[in-house]
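Contents: one structure, followed by commentary.
Bear in mind these aren't lab numbers, they're just calculated from the coordinates by the rules spelled out. Worth saying up front: this structure is predicted, and the values here are computed from it rather than measured. Because the Cβ atoms are built from the backbone with ideal geometry, glycine has one as well, and the counts that use them run over all protein chains shown.
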């Protein structure tokens, strides 16, 4: 028997998708400018963003298109930058009710972006796919539209506005992590440690040229592993 | 098919493979408490790593990035509201860069 999901959370998802959509639109404008320089048409950019929905991945991809990199290089680079999605996808796999259909799992997988992952993982209890669908319904078109608009008119937007919008997604990430630190010293410390590690890591000579995606993977595996051993969660803890 | 479309389809295929294959392959509940704990910490660590120091370098002026970071930390500590925190960070950058432009 498949679990019956409360479809009314679609609306809650749409509401939570609004800040994501705003941030996406802003970042996608910047992405569109890069795509335009690579010779991508507005329609191609719109289509690319609609099916890929990956800021850092598409950014690197368009940059490589501009320099006509070999396909295999593009594939390897895309994989390295986006390998953190493997971790996120595995994390969500543990939050499904066992009877959740493969189709629901695959669609949720499709929408594992940093932001949609974060709001999906932050909800208590089993994943209700309709919540994520609601958020994606608002956020994904904004991402695609922003890319297209960026290609058409990215250069005529006031730079002060683009600059201000560039922090929208970071504000969202803060709102997804910091509140949990208020009543939980372990989360508080893991956030601080992550900031410090993220800042110091690229200064280590051996890792100085590393991509941001690779940095996120290496540090996430190290820090989350150490915390899992030092502060394992007891069964049933929220 | 144009060369652009080939690039775009490769990006699409590789990106979606990293998302969809793991979520479809692992359908059993993992019972090991250390592995469960690892996945519990992942979002906090990954998002925090992506926030800092990247937020500092995102705006035109890094001073504005510092202000946005501080404003965002304070706002998210007191208000668990994504839209509000996000807008306050943007406004912080806009005002700071306006001031930098004036002085």
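Compute the distance from the alpha-carbon center of the range A:122-186 to that of the range A:22-74, in whole Å.
17 Å
Cα axis of helix B:33-51 to longest principal axis of chain B: angle in degrees, 0 to 90, nearest 10?
40 degrees
Please work out the FRET efficiency for the pair residue A:186 and residue A:11, using the Cβ-Cβ distance as r and a Förster radius of 35 Å; give the result to the nearest 0.05. It would help to have the intermediate numbers written out before the result.
On the way: r = 33 Å, r/R0 = 0.96.
Efficiency, from the Cβ-Cβ distance: 0.55.
Can you tell me the FRET efficiency between residue B:99 and residue A:41 if r is taken as the Cβ-Cβ distance and R0 is 41 Å, rounded to the nearest 0.05?
On the way: r = 39 Å, r/R0 = 0.96.
After rounding to 0.05, the efficiency reads 0.55.
Please check which bits of the range A:52-91 a label hung off residue B:3 would reach, taking the label as a point 7 Å along Cα-to-C-beta and the cut-off as backbone N under 11 Å.
Residues A:65-71 qualify, since their backbone N sits under 11 Å from the label point.
Taking a virtual spin label 7 Å from the Cα of residue A:137 along the C-beta vector, which residues in the range A:15-39 bring their backbone nitrogen under 11 Å of it?
Flagged as within label range: A:15.
Once you average over the residues of A:22-35, how many Cβ atoms of partner chains fall within 10 Å of each Cβ?
1
Percent relative contact order of chain A, based on C-alpha pairs within less than 8 angstrom and at least six residues apart? Kindly include the intermediate steps, with their values, before the conclusion.
Working: 272 pairs, mean separation 84.1, N = 238.
Once normalised by length, the contact order is 35 percent.
Only residues of the range B:24-63 count here: report those whose backbone N is under 20 Å from the spot 7 Å along Cα→Cβ of residue A:203, or say none.
B:48-58, B:62-63
Residues of A:189-200, mean number of Cβ from any other protein chain within 10 Å of their own Cβ, rounded to a whole number? Write out the running numbers ahead of the final one.
Values: counts 0, 4, 8, 2, 2, 10, 7, 2, 4, 8, 4, 1.
Rounded to a whole number, the mean comes out at 4.
By the gyration tensor of its Cα atoms, with a ≥ b ≥ c the square roots of the eigenvalues, what is the shape of the protein assembly as shown: rounded for a/c under 1.5, prolate for a/b over b/c, or oblate? Can you show the working numbers first?
Working: a/c = 1.43, a/b = 1.16, b/c = 1.24.
Rounded, because the longest to shortest axis ratio a/c is under 1.5.
Explain nothing, just the number: relative contact order of the range A:19-123, from Cα pairs under 8 Å at least 6 residues apart, as a whole percent.
Relative contact order comes out at 25 percent.
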